[in-house]
Structures are given as C-alpha cells and as structure tokens.
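*Asks:* One structure coming up, written as structure tokens, with questions to follow.
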Amino acid sequence: MTKCAECDADISVPGDALEGEIVTCPECGASFELVKAAEGFELKPAQTVGEDWGQ
Ligand SMILES: [Zn+2]
C-alpha cells in the first residue's frame with residue numbers, strides 16, 4: 001500500500017505488479033508509474049498528456 005502524492009489517498013499496488021506499470025489513484029485520478037524501491041515500489045508521477053495544463 002502506498003500513498004498518493006497528490007491527495008494522500010491509499011493506493012493499493014498489486015502483489016504481482018511490475019516495474020513501470022501505471023497505477024491510478026482512485027480518489028483524484030492521478031497516474032503514477034511504479035518504480036522499484038528498497039521494499040516494494042515507489043510511485044513516480046506519470047507523464048500525463050493534456051491534464052495538467054493551465055493550473
Ligand atoms: Zn490521489
């Protein structure tokens with residue numbers, strides 16, 4: 001279980017997740033790429049197209 005960097009909601013990472021997989025926050029819809037960490041995975045903000053402009 002990891003936390004969304006945007007809204008701090010819990011994001012569950014599947015046990016069979018692979019590095020580079022994209023997970024989406026159920027609360028705010030932000031997309032994150034899974035990056036292998038010392039234990040489990042870290043979430044790296046994924047490149048989203050067209051969503052973040054103008055904020
Ligand atoms: Zn979120």
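What follows draws every value from the coordinates through simple rules; no lab data is involved. These figures come from a predicted structure and were not determined experimentally. Counting neighbours? That spans all protein chains shown, and the Cβs are built from the backbone with ideal geometry, glycine included.
*Asks:* Out of everything in the stretch 8-27 that is surrounded by 12 or more Cβ atoms within 10 Å (Cβ to Cβ) and more than 11 Å from the chain's Cα centre (by Cα), what residue ends up being nearest to the ligand (Cβ to nearest atom)?
*Replies:* GLU27
*Asks:* Where the second residue is of a type outside the set (A, V, I, L, M, F, W, C) and in a loop (DSSP other than H, G, I, E, B) and the first is closer than 16 Å to ALA46 by Cβ and in contact (Cβ under 8 Å) with a residue 24 or more places away in the chain and lies in the stretch 3-17, which pairs have Cβ atoms under 7 Å and are six or more apart or on separate chains?
*Replies:* From the stretch 3-17, the pairs are CYS4/GLU27; VAL13/GLY40.
*Asks:* Also, quick follow-up: Taking into account only those residues within the stretch 28-48 that are free of Cβ contacts under 8 Å to residues at least 12 places away in the same chain and at negative phi, which is nearest to the ligand (Cβ to nearest atom)?
*Replies:* Filtering the stretch 28-48 down to residues free of Cβ contacts under 8 Å to residues at least 12 places away in the same chain leaves 29, 37-39, 47.
Filter again for at negative phi, leaving 37-39, 47.
Values: ALA37: 19, ALA38: 23, GLU39: 22, GLN47: 17 Å.
Only one residue tops the list, namely GLN47.
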